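All remarks here apply to the structure that follows.
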Amino acid sequence: MKEIFEIIADILRFLNLNVIIGIPFTIVFFLLIKRLWKHYDDSVAFQIIRYFLISCALIACIIFIIPFFNIYGIENEAYNFFKRAEGWYFYSYLTLMLFHLFIPLFLFFNKIGGNKIWLLLISLGMNIGMIFESFVIFVTSIHRDYVPGNLIPVEFPWRELNAMICGIIFGIVVFVISEVVKKVKRKSVG
């Protein structure tokens, strides 16, 4: 069971690093398409993005809750969870939990989830939550070790370039899926 937890955590890390970072680019991509082609119906694309963000937030909630109950006997994870949530950097952990886990759940409400600007703001909030997650992990690790040699140099231009490329690729995939869904709906109606 411990292996399944680790596999799900790896999948979520992959989604966080490669797809969720690019979601704001995807939303801006669709807003530009709508601006250039007035007749384009983007409602299906934004619903796909909406439910993708909701599913990622639900998976992240499950992964953050599992160490709280210490279900699989991973003592180190439970210790890290409590130290980060109650330690010196609790404000960062609270911001992480709020932006990355709980605010995306407001997308369940149709009024918020159907609004493109709210969708863009919530996806930016998820990215802010991921930045705070990195901050909490790095700072608490350095805080315990007191060894500056453990610092990993961060190459920000590559991360943003990766986010932009992944966002555009995700946007193209969502565009194709939404066009296929529209054609299937037209065939079933007509």
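Side notes on the structure shown:
- Inter-label distance for PHE106 and ILE59, nm, one decimal - labels placed 7 Å from Cα along Cα-to-Cβ: 2.4
- Sparsely packed loop sites in segment 1-65 (the trypsin sites (Lys or Arg not before Pro) outside DSSP H, G, I, E and B with at most 15 other Cβ atoms within 10 Å) comprise LYS38.
- Each label point was placed 7 Å from the Cα along the Cα-to-Cβ direction; for VAL28 and LEU124 their separation is 1.0 nm.
- Counted charge near PHE30, where neighbours are those whose Cβ lies closer than 13 Å (Asp, Glu -1; Lys, Arg +1): +1
- Within segment 21-46: backbone nitrogen closer than 19 Å to the SER188 label point (7 Å, Cα to C-beta): 41-46
Any read-out appearing in this document is the output of simple, stated calculations on the displayed coordinates, not a laboratory observation. Small disclaimer: the values here were computed from a predicted structure and weren't measured. As a convention, Cβ positions derive from the backbone with ideal geometry for all residues, glycine included, and neighbour counts pool all protein chains shown.
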